[in-house]
Amino acid sequence: METNCFNYTYLIILIPFISFVILGLFGDYLKHKISGWLGTFSLFLVFILSYYTAYQYFFNVGKVEGVYQKFVGFNFVWLRFTESLHIDIGGLLDPISVMMLVVISTVSFMVHLYSIGYMHGERGFERYFSFLSLFSFSMLGLVLATNIFQMYIFWELVGVSSYLLIGFYYQRPSAVAASKKAFIVTRFADLGFLVGILILSITTGTFDYVTLTDPNGTAITQGSGIVFLGLSTLILVFMGGAGKSAMMPFHIWLPDAMEGPTPVSALIHAATMVVAGVYMVARLFPIFAISGTPGLEVVAYIGGITSLFAAIVACTQFDIKRVLAYSTLSQIGYMMLALGVSGYGGHEGLGFMASMFHLFTHAMFKALLFLGAGAIIHAVHSNYMYDMGGLRKYLPITHITFLIACLTIAGIPPLSGFFSKDEILVAAFHHNKFLFAVEYITAGLTAFYMFRLYYNVFWGKNVHYHHTPHEAPVTMTIPLIFLAIGSVFTGFIPFNKLVTSDGLPFEAHIEWGIAIPSILVGILGIIIATVLYKKETAIPDKIIGSIKIFHKWAYNKFYFDELYLFITQKIIFKRISEPVAWFDRHVVDGLQNWFAWLANTVSFNIRGFQSGQLQQYGWVFVSGALILVIIFSFYWYSINF
Amino acid sequence: MHITGAQIMFIIFSAVIIIFSILTVTSRRILRAATFLLFVLIATAGLYFMLNYQFLAAVQLALYAGGIIVLIIFSILLTSHISQKFEPISWKKSIFAALASVAGIIICLTTILNYNFKADSLAAIEIDMKIIGRSLLSYNKDGFVLPFEVISILLLAAMVASLVIAKKAKTKQQ
Amino acid sequence: MIQGIPLYYFLIVATIMFFVGVYGFLTRKNLITMLMSIELILNSVNINFVAFNRFLYPDTLHGHFFTLFIIAVAASEAAVAIAIIINIYRKFTNIDVEKVSEMKY
């Protein structure tokens with residue numbers, strides 16, 4: 001841990017911030033084009049810097065004696081409580097943060113570029129770009145955080161920018177409701193995060209990640225002593241992560257968040273912000289793994305259940321963005337599960353590596369899917385797949401890239417999704433057979449719903465369009481192509497050499513005994529989807545008819561929203577809030593009003609004393625004086641005689 | 001019991017004071033009331049003379065009997081007719097006021113008479129104008145320069161204030 | 001004991017004069033007669049001061065000067081009061097205290 005050649009990294013945070021300030025303050029005075037290109041250019045700088053940093057870190061200076069070290073690029077003390085407990089703002093570079101830099105800068109740059117085309121002519125174009133810059137700034141600050149409190153600050157900033165961007169079309173009530181929902185749900189989860197941070201800092205006496213996650217440090221050895229407190233802390237911290245990453249039961253906000261512009265969904269709700277929870281768990285991984293608490297089990301089961309649940313729901317949705325949203329949920333569930341089944345150090349840390357690997361590849365192909373969906377929506381002006389069909393003729397580039405992305409997510413070799421998913425499956429197999437089975441089913445479902453989407457959009461019935469759909473402009477297709485290339489080739493990055501739980505590289509092989517069945521499951525899903533949806537047939541409806549109730553449940557997302565509404569409105573609002581409100585309105589306010597009424601009445605009644613009659617006052621004065629004389633004389637007598 | 005001249009004078013002055021003060025507050029003609037007040041003040045000056053405070057008595061005569069009474073009479077002439085008689089005071093009111101006054105007199109007198117005032121046997125100082133003048137302008141012990149100055153300011157302020165108050169309000173001209 | 005007159009006599013006279021003044025203040029309606037009652041009260045207090053000074057502390061002049069200052073204050077008070085009374089008379093065309101009750105609640 002030393003300050004060194006990475007001290008330029010503050011620019012990575014600073015540049016988007018400056019861009020945000022400029023666009024936010026002076027956006028109205030800039031031309032559309034200039035503001036768009038300004039935002040994009042700033043992200044381009046960040047992109048270059050991040051890749052340079054990654055190169056430097058991974059291949060030049062990051063490794064000391066074969067172990068990747070943690071570097072503090074820059075740091076200053078922002079708020080000091082005690083000698084050891086202080087809140088800093090800084091930049092911490094280690095394998096996962098550098099990897100996240102690459103992911104964020106790549107996707108953010110692509111989304112900026114794409115948005116120039118996608119948002120062309122929208123009202124609030126500059127506002128959009130300033131929010132995007134704000135988001136990039138906060139997200140980069142989040143991943144570079146040197147301490148848990150800095151992470152929390154940027155965590156909330158990310159939440160705010162997500163809120164702003166979901167509610168970008170603030171004229172639409174549904175967008176406003178979605179942004180509120182996202183904000184409130186994540187905020188509620190962040191409450192747990194904050195409490196967890198506080199407990200963690202009390203028990204360990206530090207916020208600093210380097211001290212906190214040192215495997216031999218006092219933080220972990222002490223934390224393991226207090227099992228219960230440690231567990232509750234980890235679960236509380238994980239609650240924040242689950243909120244941000246939309247894990248069950250906090251997943252309800254993410255599908256609604258698709259009300260935002262599609263590039264925003266690609267950036268925030270697919271590639272970067274929603275994996276913040278994963279990143280956070282990875283960041284605190286040594287504590288989770290070594291402290292000996294069952295925190296990781298919780299992470300694993302929540303991840304597994306979410307991934308299965310989301311995959312089932314995704315099979316039934318018609319809004320293409322919602323399908324992708326549930327797909328995102330499912331994939332993040334994978335990552336969480338991978339973290340949950342991992343151990344610390346060496347080959348035990350396979351799950352950790354797999355999770356990060358999947359995070360990386362998922363960012364590429366999910367951003368690609370969303371951007372592709374954006375291109376489709378841009379062409380068709382509808383979100384629903386029953387409005388689409390046969391688009392392969394009109395949108396060739398989108399078609400190809402989308403197909404690549406679908407194959408990637410289905411786990412077909414040699415595309416990147418295959419490698420990362422395979423590592424996860426291997427890690428799960430060695431740790432927990434039940435979750436392994438869940439993941440198998442999910443993998444098949446994933447292939448199925450993605451190709452259901454693909455066939456419904458690009459094949460299927462020939463829909464008559466009002467105006468012929470046309471391919472997106474070049475600013476939109478370049479990101480598609482770039483991300484498609486990324487999706488194809490990122491699988492060959494040797495993550496086991498680069499991003500590991502303890503910084504040491506280890507050997508990992510593809511276990512064909514697990515990989516081949518997973519490929520077969522994927523292909524099976526694709527074949528089923530092909531049969532059902534390539535041509536318009538009546539089979540899907542028949543199948544739906546045979547599992548009517550189940551389909552209805554899945555279509556309505558297993559009534560989670562209704563459950564939440566029931567709990568909040570029927571139980572919390574009605575049973576708790578309303579009586580409290582009644583108490584406040586009638587007892588607390590009533591008491592105040594009663595005092596006011598009393599003062600008013602009394603003063604109204606006694607105002608007659610102030611009659612203006614001088615002699616009345618004189619009377620009162622004289623009699624009062626006489627009474628005082630009498631009292632004092634008696635007093636005087638009583639003490640003298 | 002031999003009655004001295006001083007005692008006779010005291011009785012006369014006290015009688016004048018008591019009788020004319022009662023007349024002052026009961027007389028139904030205002031100008032007469034003012035005149036009775038004048039007699040009371042003069043008798044008070046007489047008491048001061050008896051107590052050997054000649055200067056005070058002179059001030060009492062000049063300021064009270066001379067100045068204030070004249071002022072009062074002026075204002076009476078300005079505000080009421082000479083021949084005007086007041087309505088008789090209401091029976092109830094006068095009874096209650098008299099009761100209060102009598103009660104006050106009884107309370108105060110019992111208190112006073114039950115208290116044993118110890119006369120100081122120190123020799124009385126001879127009061128002449130020189131001592132008075134020096135005391136008024138002295139800032140040593142027993143000097144009164146501060147109240148003297150305060151009173152002078154108060155008098156000035158009262159003069160200005162009475163002018164301002166009694167002056168006719170200017171009618172606003174457009 | 002000056003010339004065979006005890007202090008109490010002066011005090012009795014002053015007390016009676018004081019309460020006569022109080023009676024006048026409470027009964028009279030005319031503002032000027034009320035002012036005259038107040039003058040009576042002031043004078044009775046003056047007599048008290050002077051008598052105490054002469055009988056109890058003959059070696060000092062405090063009561064004497066206090067009386068002097070009270071006379072000065074009374075003079076200024078009378079001047080201001082009469083100015084006010086004249087002003088009231090201008091406004092209400094009478095100086096009946098019961099009719100001058102604008103300053104109630």
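The values are calculated or read from the model by the stated rules, or taken from the named source; none is laboratory data. Remember, predicted model here, so these are calculated numbers, not experimental data. When we count neighbours, we look across all protein chains shown, and the Cβ atoms used for this are built from the backbone with ideal geometry, even at glycine. Protein only, heavy atoms only, side chains kept; ligands, DNA and RNA dropped before computing areas. Shrake-Rupley method; radii C 1.70, N 1.55, O 1.52, S 1.80 Å.
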Item checked: Cα centroid separation, region B:7-69 to region A:62-125 (Å) -> 101
Next item on the list: Determine the share of the protein assembly as shown's accessible area contributed by carbon and sulfur atoms, expressed in whole percent, with a 1.4 angstrom probe.
Entry: 70
Check: Taking amide hydrogens as modeled 1.01 Å from N in the peptide plane, which residues meet the under 5 Å criterion relative to residue A:86, leaving out close sequence neighbours?
Finding: A:81, A:207
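Working out 0.36 nm times the residue gap between residue A:180 and residue A:598, then minus their Cα-Cα distance, what length gain in nm do you get to one decimal? Don't jump to the answer; show the numbers that get you there.
Working: separation 418, 0.36 × 418 = 150.48 nm, distance 4.30 nm.
Length gained, residue A:180 through residue A:598: 146.2 nm.
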Next item on the list: Might you report the magnitude of the Cβ-based charge dipole of region C:7-92 about its Cα centre, with Lys and Arg at +1 and Asp and Glu at -1, to the nearest 20 debye?
Entry: 400
Next item on the list: Report ³J(HN,Hα) in whole Hz for each residue of region B:91-97, in order, from the Karplus equation J = 6.51 cos²θ - 1.76 cosθ + 1.60 where θ = phi - 60°; Gly and Pro get x.
Entry: 4, 4, 4, 5, 5, 5, 5
Checklist line | Hull-based mean projected area of the protein assembly as shown, where the convex hull spans the alpha carbons, in square nanometres | finding: 65.0
Check: Going by alpha carbons, how many degrees (0 to 90, nearest 10) lie between the helix axis of A:589-606 and the longest principal axis of chain A?
Finding: 20
Next item on the list: Mind grabbing the base-10 log of I(q)/I(0) for region A:40-82 at q = 0.18, 0.26 Å⁻¹? Debye formula, identical points on the C-alpha positions, no solvent, two decimal places.
Entry: -0.71, -0.89
Note to self: Give me, ordered by chain and number, the residues 5 or more places off residue A:315 or on other chains with an amide H under 5 Å from its own placed amide H.
What the structure shows: none
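May I ask for the accessible area buried between chains C and A, both sides summed, probe 1.4 Å, to the nearest 100 Å²? Before the final figure, lay out the partial values.
Details: alone 7850 and 27270 Å², together 34020 Å².
For chain C against chain A, roughly 1100 Å² becomes buried.
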Item checked: Phi-based couplings in Hz for region A:194-210 (Karplus 6.51, -1.76, 1.60; Gly and Pro marked x) -> 4, 4, x, 4, 5, 4, 4, 6, 5, 6, 9, x, 8, 9, 6, 5, 5
Checklist line | chain B, dipole about Cα centre (Lys/Arg Cβ +1, Asp/Glu Cβ -1), debye to the nearest 20 | finding: 960
Next item on the list: Considering the options A:298, A:312, B:61, tell which one lies farthest towards the positive end of the dipole of the protein assembly as shown, charges being +1 on Lys and Arg and -1 on Asp and Glu at the Cβ, about the Cα centre.
Entry: B:61
Notebook entry, point to check: So which aspartates and glutamates can residue A:535 reach, going by Cα to Cα under 16 Å and dropping same-chain residues fewer than 8 places off?
Noted result: A:387
Note to self: In whole Å, what are the extents of region B:127-174 along the principal axes defined by its C-alpha atoms, from largest to smallest?
What the structure shows: 60, 19, 9
Next item on the list: Go through C:42, C:64, C:92 and say which Cα lies farthest out towards the positive end of the charge dipole of chain C; charges sit on Cβ, +1 for Lys and Arg, -1 for Asp and Glu.
Entry: C:92
Item checked: the protein assembly as shown - mean residue ellipticity at 222 nm from DSSP helices (-39,500 (n - 2.57) per run, n ≥ 4, rounded to 500) -> -22500 deg cm²/dmol
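What pairs from A:461/A:557; A:181/A:557; B:167/C:99; A:63/A:497; A:33/A:393; A:181/A:321 go past 20 Å between their alpha carbons?
Over 20 Å Cα-Cα: A:461/A:557; B:167/C:99; A:33/A:393.
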Next item on the list: Go ahead and set up a Gaussian network model of chain C, Cα springs under 10 Å, then flag whichever of C:80, C:45, C:20 fluctuates most.
Entry: C:80
Item checked: Rounded to whole Hz, the Karplus (6.51, -1.76, 1.60) HN-Hα couplings of region A:565-572, x for glycine and proline -> 4, 4, 5, 6, 7, 6, 9, 6
Notebook entry, point to check: What percentages, rounded to whole numbers, describe P(r) for region C:7-92 computed over all alpha carbon pairs with 10 Å bin width beginning at zero?
Noted result: 18, 38, 29, 12, 3, 0
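Using the eigenvalues of the Cα gyration tensor, what equivalent ellipsoid semi-axes result for region B:24-124 when each is taken as the square root of five times the eigenvalue, whole Å, largest first? If you can, show how the numbers build up before the last one.
Working: eigenvalues 206, 125, 11 Å².
So the three semi-axes of region B:24-124 are 32, 25, 7 Å.
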Checklist line | Charge dipole of region B:127-174 about the Cα centre (unit charges at C-beta), most positive-ward option of B:127, B:148, B:161 | finding: B:161
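Would you mind computing Rg(Cα) / (2.2 N^0.38 Å) for chain B, counting N as its residues?
Numbers: Rg = 21.6 Å, N = 174, 2.2 N^0.38 = 15.6 Å.
The value comes to 1.38.
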Item checked: On Cα atoms only, tilt of A:350-380 relative to the major axis of chain A in degrees -> 90
Check: Which distance in Å, rounded to a whole number, links the C-alpha centroids of region B:144-169 and region A:130-203?
Finding: 73
Next item on the list: Please report the buried accessible area for the interface of C with B, total over both chains, probe 1.4 Å, in Å² to the nearest 100.
Entry: 6900
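Suppose accessible area is computed on protein heavy atoms with a 1.4 Å probe; arrange A:549, A:481, A:184 from highest to lowest.
Working: A:549 125, A:481 75, A:184 105 Å².
The residues order as A:549, A:184, A:481, largest area first.
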Check: Counting Lys and Arg as +1 and Asp and Glu as -1, each charge on the Cβ, what is the dipole of chain A about the Cα centre in debye, to the nearest 20?
Finding: 1680
Item checked: Inter-centroid distance (Cα atoms) of region C:44-77 relative to region A:312-335, Å -> 103
